[in-house]
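A.B. asks: Supplied in C-alpha cells, the structure appears directly below.
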Amino acid sequence: FWQNLSEPEYDPNSFTTEYATTNDVEDEAESFAFFVIEGDKSTLGNSVRDQKVAFFYDYPELVKFRTEMRQALVSEIVRNGGVVPN
C-alpha cells in the first residue's frame, strides 16, 4: 500500500485521513492510529483504506500493543471522569 505515493489526492476509500496523503510514512502512521482506535477487524471492509488498517492485525505483537493502548486510554478517560484528555 505504501509504495510510490507521489502527491495522491485524498480518497476516503484509500486513505484514513487527508493528512495521510502527505507521504507513505504519514499514511502508514495514520493507518496505525486507526488500527489502535477504531473498532475491531470485523468492522473493516475491503477498501484499500480498510486493508491498510487490517494489515496490522497480521502482527500479534501489534495486536497486543493495541489492546494495551486501548486499556490505557479507557483508564485515562475513567480517571478524568469520562472526559477525554487533551
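The values are calculated or read from the model by the stated rules, or taken from the named source; none is laboratory data. Note that the coordinates shown come from a computational prediction; the quantities given were computed from them, not determined experimentally. FYI the Cβ positions are ideal-geometry reconstructions off the backbone, even for glycines, and counts take in every protein chain you see. When the accessible area is computed, the model is the full protein with side chains, heavy atoms only, and any ligands, DNA or RNA have been set aside. Shrake-Rupley method; radii C 1.70, N 1.55, O 1.52, S 1.80 Å.
A.B. asks: So if I place +1 on the C-beta of Lys and Arg and -1 on the C-beta of Asp and Glu, and nothing else carries charge, what would the dipole magnitude of the chain be about its Cα centre? I want it in debye, nearest 20.
C.D. replies: Around 520 debye, computed over the chain.
A.B. asks: What accessible area per residue, rounded to a whole number of Å², is obtained for the chain using a probe radius of 1.4 Å?
C.D. replies: Result: 69 Å² per residue.
A.B. asks: Something else now. At 1.4 Å probe size, with the rest of the protein present, what percent of the exposed accessible area of the chain is carbon and sulfur atoms?
C.D. replies: About 53 percent, which is the carbon plus sulfur part of the accessible surface.
A.B. asks: Based on alpha-carbon positions alone, could you give the equivalent ellipsoid semi-axes of segment 34-75 from the gyration tensor, as √(5λ), descending, whole Å?
C.D. replies: Values for segment 34-75, descending: 19, 11, 7 Å.
A.B. asks: If you build the Cα gyration tensor of the chain and take the root of 5 times each eigenvalue, what three semi-axes come out, in whole angstrom, biggest first?
C.D. replies: Ellipsoid half-lengths, sorted descending, are 26, 15, 11 Å.
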